[in-house]
1. Would you check which residues across region A:1-54 are loosely packed, with under 11 Cβ neighbours inside 10 Å and at the interface with chain B (Cβ under 7 Å from one of its Cβ atoms) and list them?
2. If a residue must be buried (at least 24 other Cβ atoms within 10 Å of the Cβ) and either away from chain A (no Cβ under 14 Å) or small (G, A, S) (or both), how many such residues does region B:212-229 contain?
3. Restricting region B:432-449 to residues that are touching a residue at least 60 places away in the same chain (Cβ under 8 Å) and surrounded by fewer than 19 Cβ atoms within 10 Å (Cβ to Cβ), which is farthest from A:S160 (Cα to Cα)?
4. Take A:A75 and tell me if it is within 13 Å of another protein chain (Cβ to nearest Cβ), touching a residue at least 40 places away in the same chain (Cβ under 8 Å) and either open to solvent by less than 80 Å² (accessible area, probe 1.4 Å) or in contact with a Cys (Cβ under 9 Å, 6 or more places away or on another chain) (or both).
5. For region B:330-349, what are the residues that are surrounded by fewer than 22 Cβ atoms within 10 Å (Cβ to Cβ) and of a type in the set (A, V, I, L, M)?
6. For A:A202, only one of the following conditions fails: (1) surrounded by 15 or more Cβ atoms within 10 Å (Cβ to Cβ); (2) touching a residue at least 24 places away in the same chain (Cβ under 8 Å). What is its number?
7. From the list B:E322, B:E276, B:E265, which one is open to solvent by 30 Å² or more (accessible area, probe 1.4 Å), without any contact (Cβ under 8 Å) to a residue 40 or more places away in the chain and farther than 30 Å from A:R131 by Cα?
8. Tell me whether region A:245-260 contains one or more residues that are in a helix (DSSP H, G or I) and within 30 Å of A:R298 (Cβ to Cβ).
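The values are calculated or read from the model by the stated rules, or taken from the named source; none is laboratory data. If you're wondering where the values come from, they're calculated on a predicted model, not measured in any experiment. As a convention, Cβ positions derive from the backbone with ideal geometry for all residues, glycine included, and neighbour counts pool all protein chains shown. Side chains included, ligands, DNA and RNA excluded: accessible areas come from the protein's heavy atoms. Shrake-Rupley method; radii C 1.70, N 1.55, O 1.52, S 1.80 Å.
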Amino acid sequence: MNLTIRQRRIVWAYSFLSVSLIFFLFIRWYPTLLAVNISFRDWNVFAGSGEWVGLQNYADIWEDLFKPRSAVRAAFWNTLRYVLFGVPLQLVLALGIAMLLGQIRRFAGFFRAAYFVPYVTSFVAVAFVWRWLYQPQIGLLNQIITGLGLPMQPFLTSPSQALPSITLVAVWRSIGFAIIIFLAGLQQIPDMYYEAAQIDGANRWQLFRRITLPLLNPVIVYLAVLQTIQFLRMFDLVQNMSTDNAGGPLKSTTTVVLEVYKEGFSGYNMGYAGALTVILFLVILLITMLQLRVLSRRVDY
Amino acid sequence: MKQRKLWSLLSLLLIAALAFTACAAPPAGDSGAAGAATEAPADEAAADAGGEAAAADGEVIEIEYWQYNFQARIDAMNELIAQFEAENPNIKVIHNSDTPYDNFRDKIAASVPAGVGPDVVSLFYGWQTAWLDAGYLVPLPEDAFPPDEIRANFSPMVEASFVDGTLYTLPTAVRTLALFYNKDLMEAAGLDPESPPTTLDELKEQAVQCTVRNGDAYEVFGFVANPAGQGHHWFREVLLRQFGQQPYSDDNRTVLWNASEGGYEAWHEFLSFGTELETGRSDLITEPDDFLAGKVCFHIDGSFRLGSIAENAPDLNFGVVEMPEHNGIKSTFGSYWTHGITQKAAADPARMEAATKFLQFITTPEAGTLWVEMVGELPAQLAAAENPELLADEKLGAFVAGLPYAVSTFFVDESKDRQAIIDANDAVILTGADPDAELDIAVQTVQEMYDEFWADR
């Protein structure tokens with residue numbers, strides 16, 4: 001066969017791509033499909049097989065939703081709260097910080113690095129450090145609070161404060177990523193728009209509202225979708241910040257993924273865990289599609 | 001023309017890729033259960049002869065032993081393995097102890113289907129039911145472990161390892177709960193460190209006296225009823241019984257925590273340390289670290305803690321006394337880490353033989369004696385536990401004294417059982433919920449789990 005150089009290049013490109021395709025098929029797609037299959041079975045972890053039980057696992061989840069102190073009900077509700085608190089807070093803070101960072105010239109690299117460092121730190125390390133900071137009586141935060149003469153705060157040991165406390169850490173941990181993306185987005189906006197608007201007498205708010213925000217829309221959508229998915233899959237922080245009583249106190253911090261983990265790997269209820277995973281997948285899919293529809297706007301000037 | 005060539009080449013590539021993946025898939029599945037099942041019968045005859053041949057040839061059989069990461073246990077087991085390997089040069093035991101306690105079960109669940117798990121595994125006795133349901137453990141061979149001898153020689157607690165008369169696991173050591181007390185803190189509070197509490201009323205009295213508060217914070221915790229620590233056992237097997245209520249029905253089908261006024265009384269007593277007596281709250285304490293740090297007067301814990309105290313807080317001036325009695329009733333919770341042989345070992349007779357030998361070796365009275373010295377757990381074989389020196393031991397004596405009345409709880413799922421008590425406690429302590437209603441919810445939650453468990457049997 002005589003191939004032109006161009007054709008040969010294409011063939012090589014496809015053969016290299018097919019390697020990663022095979023990897024994805026087996027490491028991503030196959031387990032995903034297996035999880036769907038398992039969710040319809042009474043799966044035995046050790047035997048690696050299970051009887052087909054149809055929608056039984058889904059029915060069990062539905063039933064469990066209405067039990068007193070239901071772990072799954074708490075998990076879905078908390079997961080929603082993580083998203084509702086975490087995503088907007090993350091986006092607003094990140095945009096604000098990015099705009100400030102975009103204005104400074106001195107030490108700009110240092111500041112950017114400082115905000116980005118938490119993002120490259122492992123979730124587990126972050127969780128342990130913050131758990132110590134939050135500790136009642138001896139934690140640094142409580143030492144400061146009581147030092148100022150204010151009452152000691154329970155933070156992670158309070159059913160009402162634990163979830164916001166963890167959300168804040170999650171935002172702090174991954175805000176660096178959002179800032180970098182926003183910075184890049186801001187730099188894409190041509191200066192001439194601002195200059196033109198300023199000549200027309202627009203004030204700072206109008207510049208932000210009419211130029212920055214609309215032109216950042218693709219970036220905002222991208223980040224909103226990505227961060228939502230991340231908060232919907234919240235696990236590491238919760239697991240490591242509420243040891244002894246993971247997801248507690250009183251199930252106030254548990255998430256869907258944490259319940260999947262508990263059911264699947266310590267209760268050995270793989271079918272139930274699989275069904276929860278499938279539900280979470282569908283929720284993520286639905287929310288992402290909604291976000292893309294509602295948030296996406298094409299803006300041209 | 002060129003276009004067509006390109007396409008044919010691409011389709012060839014695709015076919016090759018598919019063929020490659022199709023070949024790769026079956027062997028991966030084969031290493032799992034299906035493969036083992038089909039191979040087993042043919043193997044058996046061959047390996048029966050093969051096992052002996054291997055031993056004669058001096059071929060080394062490797063078996064894996066797994067336990068969770070706990071330094072004292074790791075050291076003791078390394079010592080036992082060294083002795084065992086010296087006696088059996090043709091068996092090599094690989095000791096995997098990298099997994100932290102919290103993840104131990106998960107790791108087993110993930111590794112076993114992958115075919116890379118242990119041959120002999122250490123497990124908490126309360127997990128045995130779930131592991132049997134999963135088909136993970138095999139019965140211990142009766143010729144190597146005759147049931148009558150086991151019953152005669154081992155602590156009565158070990159009865160929990162029999163299922164319908166078949167023995168599945170066997171421990172090196174067992175442990176009981178007792179009351180630890182910090183002598184320095186007692187002295188500072190004007191208490192006599194030589195007469196620690198022996199009854200529940202004395203515990204309450206002395207705990208109140210020992211508590212030091214600073215505003216909302218506790219400088220010294222008198223006593224904390226902490227269900228996330230050993231507190232849930234104390235409530236179930238000790239307090240309930242002392243208030244005249246057995247925790248579960250004799251057939252282990254019904255949860256009875258709230259079946260009588262006594263049940264509720266026991267629950268109120270448990271909560272009172274955090275609410276009325278204010279000797280310390282479960283949400284403020286980090287157990288057992290705070291006891292090791294000298295911030296807790298009285299602390300319920302197991303004999304296994306002695307090893308870690310000796311290691312991490314060698315200067316702690318403490319004593320141990322039997323669990324406080326009440327209404328003339330003595331009780332304590334007994335439990336043990338036990339060892340089982342897995343399907344993985346059973347699939348190969350040579351490995352099975354090696355695993356059996358190893359299990360026999362680590363459950364002798366001598367192994368128990370080594371274990372008590374290095375880990376602080378009580379020997380499972382009575383011959384070693386009846387040692388008068390041990391009974392007179394200042395620290396271990398209290399645990400050994402508890403052996404005759406210790407009870408091991410039958411658990412369907414210990415973590416969910418424990419979680420129900422933690423949640424009931426948190427609801428009362430953190431949100432001021434009604435204690436009786438919370439106990440009812442806990443019972444309902446655990447009962448549903450029991451109903452589901454028995455429905456399949």
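1. Across region A:1-54, the qualifying residue is only A:M1.
2. Qualifying residue count, region B:212-229: 3.
3. First, pick out the residues of region B:432-449 that are touching a residue at least 60 places away in the same chain (Cβ under 8 Å): B:435-436, B:439-440, B:442-443, B:446-447.
Narrowing the set further to residues that are surrounded by fewer than 19 Cβ atoms within 10 Å (Cβ to Cβ) leaves B:436, B:440, B:447.
Numbers: B:D436: 22, B:D440: 23, B:Q447: 28 Å.
The selected residue is B:Q447.
4. It is false that A:A75 is within 13 Å of another protein chain (Cβ to nearest Cβ), touching a residue at least 40 places away in the same chain (Cβ under 8 Å) and either open to solvent by less than 80 Å² (accessible area, probe 1.4 Å) or in contact with a Cys (Cβ under 9 Å, 6 or more places away or on another chain) (or both).
5. Within region B:330-349, B:A346, B:A347 qualify.
6. (2) is the only condition that A:A202 fails.
7. Numbers: B:E322 fails: without any contact (Cβ under 8 Å) to a residue 40 or more places away in the chain; B:E276 fails: farther than 30 Å from A:R131 by Cα.
One residue alone meets the criteria, B:E265.
8. So the first thing to find is which residues in region A:245-260 are in a helix (DSSP H, G or I), and the list is A:256-260.
Checking the rest, the ones that are also within 30 Å of A:R298 (Cβ to Cβ) come to none.
No, region A:245-260 contains no residue that is in a helix (DSSP H, G or I) and within 30 Å of A:R298 (Cβ to Cβ).
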